[in-house]
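Working notes, structure below.
Computed from the coordinates by the stated procedures, all read-outs in this text should not be read as laboratory data. The shown structure was predicted, so the numbers you read here are calculated from the model rather than taken from an experiment. Please note: Cβ atoms are built from the backbone with ideal geometry, for glycine as well, and neighbour counts cover all protein chains shown.
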Amino acid sequence: MSLKNDFQKLRKEIDKISATLERDVIYNYRDALKALREVLSFMYEKYEVDGKLTYQEMAKYGRIDKLDKEINILIAALYKNNTKLISNILEDVYKTSFNTTKNIVESTTEKTIRGIIKDEVIQKAIQSPVSGLRLNKRLERNRYNIIVDIQEAIGQGLKKGETYGTMAKRLKDKLEGDVPKARRIVRTETSRVFSESKKESLDKANNQGVNMTKEWITSEDEDVRSQHKKMRDKIIPYDEDFILPDGSKGFAPHQIGKARHDINCRCDWIIDIVEDGNTIKNNKLPVTKEGKSGIIKMGEKGSTGVIPRNNYKRRDAHAELYYEEIRKRKSDVKTIAKNTGWKESAIKEIKEHVFMKEHFLDGKMKRFDPDYDQAQAWQRLIEGKKIKHSDLVLLKHEYVELTQMKLHEYDYDTAHKIANKYHDWWSLIESGE
């Protein structure tokens with residue numbers, strides 16, 4: 001059993017946090033632009049001549065100095081808000097990554113990993129230097145640069161005697177030009193703190209006798225750095241450093257210590273637990289009260305959701321074994337159709353969609369990852385015992401999804417969103433339905 005699914009779920013959770021941070025940072029830029037336009041509008045209303053504002057007019061009575069001061073105050077407020085926002089979100093990233101990683105290891109090894117998150121460790125991680133500069137220093141440098149850019153833009157506009165509309169566009173262009181820099185900082189910092197907190201959590205497991213390997217994961221698209229493409233799927237012992245083709249080395253992606261490798265990098269890394277010289281993913285792990293096929297039977301302990309949701313190892317092992325078993329079955333389609341009143345042809349399509357066919361997922365063709373809750377639902381549908389409302393919603397969800405993909409040639413994500421709109425099976429599962 002591989003832990004890849006668990007770490008992919010964690011990655012998606014961190015990506016959502018990062019996307020929220022990016023959005024809020026952009027909102028702050030919009031507010032700053034609005035405030036700058038108001039200051040500029042006031043200057044034009046008070047000092048313009050024939051719709052134009054000149055440098056000579058603004059140079060009188062220290063007006064240009066007052067404008068510069070107001071710009072400084074507004075941009076300083078923008079960066080103060082963004083610095084606080086980024087720091088708070090990075091703390092959330094650290095705690096989420098640390099605790100979830102700890103839970104994954106504990107449920108896989110069935111050991112309690114001792115260790116707590118210390119505030120000083122979090123702050124040290126947040127302010128860890130990238131390319132020799134800490135987060136606050138990089139934000140401060142960007143703040144200084146954008147103030148200079150805005151002042152220069154206004155000075156040029158005044159010398160040309162530009163109208164308010166033209167000058168406002170100058171400001172908009174300069175401020176919007178700063179947004180990609182902020183986004184790059186957000187993405188770099190989020191990924192770095194995610195990686196460091198994961199390491200901090202796994203170091204505690206390693207120190208307590210958990211043997212691990214680690215694997216370099218790329219985003220598998222054309223934007224991956226050439227050096228990083230060559231690191232794809234490379235697996236090494238946990239305590240060793242990754243060595244890149246150019247000789248650079250470091251513990252993991254985002255921890256190489258060189259700008260060309262760390263800044264805006266979208267790579268990730270995961271671990272596998274090693275038992276008796278073999279990684280867990282190479283072993284078939286037993287499940288409580290399994291039958292000859294290794295599948296928990298309905299009515300037995302563990303067959304109706306008794307396996308705790310945080311016991312990733314047993315849930316994933318059960319799902320993997322069950323999916324393999326169901327692919328070999330011949331009578332399940334007819335049985336489910338009889339138990340639910342659905343047409344056999346529809347149930348057959350659903351089975352092929354969920355269990356058999358490959359789909360374009362995560363940049364490549366592959367089958368859906370085995371899912372414990374779906375395995376349980378399919379088993380109930382086969383046996384016709386204690387069929388839940390959510391089981392029937394699952395059939396509807398999958399049928400809408402496959403129909404959208406087949407008739408309209410939608411990709412999986414688009415079809416899945418449409419199916420969720422009408423039959424949101426996962427929400428029922430999360431609510432305990």
When Asp221, Asp65 are arranged by how many other beta-carbons sit within 10 Å of their Cβ, fewest first, they go Asp221, Asp65
Using the structure shown, select from Lys46/Lys80; Lys234/Lys328; Lys230/Lys366 the pairs with a Cα to Cα distance greater than 26 angstrom. Lys46/Lys80; Lys234/Lys328
Taking the chain and counting helices only, DSSP H stretches of n ≥ 4 at -39,500 (n - 2.57) each over all residues, the nearest-500 ellipticity at 222 nm comes to -20500 deg cm²/dmol
Phi-based couplings in Hz for the stretch 406-420 (Karplus 6.51, -1.76, 1.60; Gly and Pro marked x): 7, 7, 10, 6, 6, 6, 4, 4, 5, 5, 5, 5, 5, 4, 5
For the stretch 307-433, I need the span (max minus min coordinate) of the C-alpha atoms along each principal axis, in Å, sorted largest to smallest. 36, 34, 31
Once amide H atoms are built 1.01 Å from N in the peptide plane, which residues 5 or more positions from Leu361, or in another chain, come under 5 Å H to H? Lys366
Fewest to most Cβ atoms within 10 Å: Lys204, Lys102 sort as Lys204, Lys102
Ranking Val193, Ala153, Ile113 by how far each Cα lies towards the positive end of the charge dipole of the chain (+1 on Lys and Arg Cβ, -1 on Asp and Glu Cβ), the top one is Ile113
Based on the alpha carbon coordinates of the stretch 4-206, what radius of gyration and maximum Cα-Cα distance (Dmax) apply, in Å? 22.5, 78
Can you tell which of Ala337, Gln208, Tyr410 lies farthest toward the positive end of the dipole of the chain, using +1 and -1 charges on the Cβ of basic and acidic side chains (Lys, Arg; Asp, Glu)? Ala337
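Where does the chain land on the Kirkwood hydrodynamic radius, alpha-carbon pairs, in angstrom?
Values: mean 1/r = 0.0391 Å⁻¹.
Taking every pair of different Cα atoms in the chain, averaging 1/r and inverting gives 25.6 Å.
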For Lys229, which lysines qualify as cross-link partners when the Cα separation must be under 18 Å and same-chain residues fewer than eight apart are set aside? Lys214, Lys249, Lys258, Lys364
Please list, or write none, the lysines whose alpha carbon is within less than 20 Å of the alpha carbon of Lys385, excluding same-chain residues fewer than 8 places away. Lys289, Lys297, Lys301, Lys330, Lys334, Lys338, Lys343, Lys351, Lys396
Given unit charges at Cβ for Lys, Arg (+) and Asp, Glu (-), the dipole magnitude of the stretch 312-430 about its Cα centre in debye, nearest 20, is 560
Karplus-derived 3J(HN,Hα), 6.51/-1.76/1.60, for each residue of the stretch 147-160, Hz, glycine and proline x: 5, 4, 4, 5, 5, 5, 5, 5, x, 5, x, 5, 5, 8
